[in-house]
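The values are calculated or read from the model by the stated rules, or taken from the named source; none is laboratory data. This structure is a prediction, so every number in the text was calculated from the model and none was measured. Because the Cβ atoms are built from the backbone with ideal geometry, glycine has one as well, and the counts that use them run over all protein chains shown.
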Amino acid sequence: MSAPTPDTAIPVHHGSARVHEPRRADCPWCGSARLRNRLRTGDLRRHRPGLFTVDECRDCGHTFQNPRLTAEGLAFYRRAVRGAPRDPATERVLALHAVRHRRRAAARAMLPFGEPESWLDVGTGLARFPQTAREFFPYTAFDGTDLTARVEQARTLERVEEAHIGPLTDPGIMARLAGRYDVVSLLHHLEHTTDPRAELHAALDALRPGGHLLIETLDPRCAFAALFGRWWLPYDQPRRLHLMPRRNLRAELETRGCTLVTTGHRAAHVPHDLAGLTALALSHTLPAPDTPWRAIPPTPFQQHLRTVLLRAGTPLVVAAAATDAALAPLLRHTPFANAYRVIARKPKP
């Protein structure tokens, strides 16, 4: 395999100005300078070059990538690259985030509030969540936003009525969407945004008075995060930029006058921690994969050996996933729960 082409090349040094912004000396959520390092890691899932640091604020618990990737770096790590390896075991574990019954559970959580006239799903991608939610709300008009053109494909598939490409905080998008929706959903979206507080405020601005905000996001205080360190799959560096403790999100919503209708871990926990650990460890124990950015590719024997051993290790990942599922009813009620759900009502004038 030849050396990386200019459009896939990226510096591997941690201090590269092209890849990273300057390191922050304070917390992006509360401004405290009392930071501690939680982990340093490479891209364990997609094997792309680079070193990434995750810090935690000792005062408010906000956990964030520091230094953060630049816009150019984010674009590189988020886009598909031809020839990049994908380990099937890890991808299957990540798919647990989006399995249909979880989407159904999130939609079902809104049933007590009646059928909304309009609903905006932020970071919708191919709008699989609106497609599922329509089973419960057949007369609701669903719209979607996404950073990619996938949302346009979702509109073509008639999963959403309006498709908006770009961040919700974009002034043009907000001018069109302000005050239009009875429900705005942010499902595992805030952790990918460069400014989660601004995204949260934009979501509230898109709501009509009395409308509901539905949020599901990962909890950095999950006991698995401390136990597994960089092998905790939800860290997913460098694609996840922020992890917010529940108390921070609650406090921010309360400062905007919102009423917290539901908040808790039980319904949002995703049982994939052990399976994720096993899949990542398996992938990195084996010979390194072939990638477009390697100057010297692995030998055919090494590539074949990796493929054979990945297949042989799949039963280990399956067994770990079964253990996750068996423990989930208990873990949902403990500090090992890895995500939480918040439903908040926007105040009326």
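Among the criteria (1) touching a helix residue (DSSP H, G or I) at 6+ places or on another chain (Cβ under 7 Å); (2) among the hydrophobic types (A, V, I, L, M, F, W, C); (3) without any contact (Cβ under 8 Å) to a residue 60 or more places away in the chain, the one Leu187 does not fulfil is (3).
Within the stretch 259-285, being of a type in the set (Ser, Thr, Tyr) and assigned to a strand (DSSP E or B) holds for Thr259, Thr262, Thr263.
The residue of the stretch 153-176 that is nearest to the chain's Cα centre (by Cα), among those that are crowded, with 21+ Cβ neighbours inside 10 Å and within 30 Å of Gln65 (Cα to Cα), is Leu168.
May I ask you to verify whether Thr334 is in contact with a helix residue (DSSP H, G or I) (Cβ under 9 Å, 6 or more places away or on another chain) and of a type in the set (Val, Ile, Thr)? So that I can check it myself, show each step before the final result.
On the way: in contact with a helix residue (DSSP H, G or I) (Cβ under 9 Å, 6 or more places away or on another chain): yes; of a type in the set (Val, Ile, Thr): yes.
Yes, satisfied.
When you go through Phe52, Phe76 one by one, which is the residue that is under 23 Å from Thr148 (Cβ atoms), modelled with pLDDT of 95 or more, in contact with a Lys or Arg (Cβ under 8 Å, 6 or more places away or on another chain) and surrounded by 19 or more Cβ atoms within 10 Å (Cβ to Cβ)?
Values: Phe76 fails: modelled with pLDDT of 95 or more.
Exactly one residue qualifies, and that residue is Phe52.
Out of everything in the stretch 182-196 that is closer than 18 Å to Leu74 by Cβ and of a type in the set (D, E, K, R), what residue ends up being nearest to the chain's Cα centre (by Cα)?
By that ranking, first place goes to Glu191.
The set of residues from the stretch 264-298 being surrounded by 17 or more Cβ atoms within 10 Å (Cβ to Cβ) and in contact with a strand residue (DSSP E or B) (Cβ under 9 Å, 6 or more places away or on another chain) comprises His265, Ala267, Ala268, His269, Val270. Within the stretch 258-267, at least one residue is closer than 20 Å to Pro196 by Cβ and among the aliphatic types (A, V, I, L, M).
With the condition kept exactly as written, say whether any residue in the stretch 293-301 is closer than 26 Å to Arg79 by Cβ, of a type in the set (Phe, Trp, Tyr), part of a loop (DSSP other than H, G, I, E, B) and more than 19 Å from the chain's Cα centre (by Cα). Walk me through how you get there before you give the answer.
First pass over the stretch 293-301, keeping only residues closer than 26 Å to Arg79 by Cβ: 293-298.
From what is left, the residues that are of a type in the set (Phe, Trp, Tyr) are 293.
Checking the rest, the ones that are also part of a loop (DSSP other than H, G, I, E, B) come to 293.
Right, trim to more than 19 Å from the chain's Cα centre (by Cα) and you get 293.
So far as the stretch 293-301 goes, yes, one or more of its residues are closer than 26 Å to Arg79 by Cβ, of a type in the set (Phe, Trp, Tyr), part of a loop (DSSP other than H, G, I, E, B) and more than 19 Å from the chain's Cα centre (by Cα).
Of all residues in the stretch 302-337, those satisfying the criterion of being part of a helix (DSSP H, G or I) and small (Gly, Ala, Ser) are Ala312, Gly313, Ala319, Ala320, Ala321, Ala322, Ala325, Ala326, Ala328. Is it true that Thr132 is β-branched (Val, Ile, Thr) and either exposed (fewer than 15 other Cβ atoms within 10 Å of the Cβ) or part of a loop (DSSP other than H, G, I, E, B) (or both)? Taking the combined requirement at face value, the residue does not satisfy it.
Just the residues that are in a loop (DSSP other than H, G, I, E, B), of a type in the set (Lys, Arg) and either touching a strand residue (DSSP E or B) at 6+ places or on another chain (Cβ under 6 Å) or surrounded by fewer than 18 Cβ atoms within 10 Å (Cβ to Cβ) (or both), please, taken from the stretch 20-49. Show your work before the answer.
So the first thing to find is which residues in the stretch 20-49 are in a loop (DSSP other than H, G, I, E, B), and the list is 21-34, 42-49.
With of a type in the set (Lys, Arg) added as a condition, the list becomes 23-24, 34, 45-46, 48.
Correct list: Arg23, Arg24, Arg34.
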